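The values are calculated or read from the model by the stated rules, or taken from the named source; none is laboratory data. No experiment lies behind these values; they were computed from the predicted model shown. Neighbour counts are summed over all protein chains in view; Cβ atoms, including those assigned to glycine, are modelled from backbone coordinates with ideal geometry. Note: accessible area is taken over every heavy atom of the protein model, side chains too, but ligands, DNA and RNA are not part of it. Shrake-Rupley method; radii C 1.70, N 1.55, O 1.52, S 1.80 Å.
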Amino acid sequence: GYVFYAAHFYRYKKFESLLDAWGRVPAAVMAGRRLLIAGEPHDPEYAAEIREKVRELGLVDVVRILGGLPLSELSLLHAGADVVAVMTACESGSISVLEALASGRPILLSNRSAIPELGGDAALYADPDRPDEVASQLQRLLTDAALAEELGRRARARSTTFTWDASARGVLDLLERVGERSRSRRKRG
């Protein structure tokens with residue numbers, strides 16, 4: 001099994017959060033599992049720091065940095081994950097979260113920015129600057145099969161609210177309401 005995080009390498013993505021937490025989860029829970037990280041090294045210095053941190057923490061045998069992957073492979077890795085994690089520190093809208101939701105897998109998300117608004121009740125949350133909290137939530141998802149199954153079901157259901165069709169309907173509804181208000185004001189004025 002594995003925990004999966006897919007995002008391009010930028011500092012605010014907080015890959016170190018999962019690395020710091022990984023060694024804090026009991027060995028019995030992590031036995032046979034790996035942490036897989038996929039993403040383009042858009043910040044090469046940060047990507048190098050993450051690779052070095054893997055070595056420093058002695059995680060070379062249990063962490064794989066896969067680099068950039070085609071969407072088809074990312075979808076397969078999401079679908080097969082024991083847990084999908086997204087520890088970003090500051091995003092208003094994250095494709096990584098939407099991909100995690102669509103996977104129908106249990107999700108661990110950052111509790112920062114707009115991420116909880118996207119994930120709703122379909123994920124567990126942790127502060128990416130608190131490795132003990134990240135480890136605790138990760139352990140819950142890896143040991144509580146009923147919770148993991150329920151969150152996976154909720155994630156899949158929640159993902160359907162973020163389709164292109166739903167977005168287009170929402171924009172159209174908003175424009176129609178604005179247009180109607182404008183027409184009403186012109187009639188009164």
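Summary table below
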| item | result |
| --- | --- |
| Residue that is nearest to T160 (Cα to Cα) [pool: residues in segment 108-142 that are at pLDDT below 95 and hydrophobic (A, V, I, L, M, F, W, C)] | L118 |
| Qualifying residue in segment 154-165 (condition: open to solvent by less than 60 Å² (accessible area, probe 1.4 Å), of a type in the set (D, E, K, R) and in a helix (DSSP H, G or I)) | no |
| Pair list, Cβ < 8 Å and 6+ apart or interchain, from segment 111-132 residues that are of a type in the set (V, I, T) to residues that are surrounded by 15 or more Cβ atoms within 10 Å (Cβ to Cβ) | I115/V86; I115/T88; I115/E91; I115/S94; I115/V97; I115/L109; I115/Y125 |
| Qualifying residue in segment 64-76 (condition: at positive phi, outside any strand (DSSP E or B), more than 16 Å from the chain's Cα centre (by Cα) and not basic (K, R)) | no |
| When residues of segment 1-52 are limited to those that are closer than 22 Å to A114 by Cα, in contact with a Gly (Cβ under 7 Å, 6 or more places away or on another chain) and in a loop (DSSP other than H, G, I, E, B), the one most open to solvent (accessible area, probe 1.4 Å) | H8 |
| Subset of segment 88-128 [touching a Phe, Trp or Tyr at 6+ places or on another chain (Cβ under 7 Å), closer than 20 Å to L36 by Cβ and surrounded by fewer than 22 Cβ atoms within 10 Å (Cβ to Cβ)] | L98 |
| Residue match in segment 71-79 (condition: touching a helix residue (DSSP H, G or I) at 6+ places or on another chain (Cβ under 6 Å) and closer than 16 Å to L142 by Cα) | yes |
| Where a residue in segment 134-156 is touching a residue at least 12 places away in the same chain (Cβ under 8 Å) and its partner, wherever it lies, is part of a helix (DSSP H, G or I) and open to solvent by 80 Å² or more (accessible area, probe 1.4 Å), with Cβ under 8 Å and at least six apart | L147/R140; R154/D121 |
| S72 vs. criteria within 27 Å of T160 (Cα to Cα), modelled with pLDDT under 95 and open to solvent by 40 Å² or more (accessible area, probe 1.4 Å) | yes |
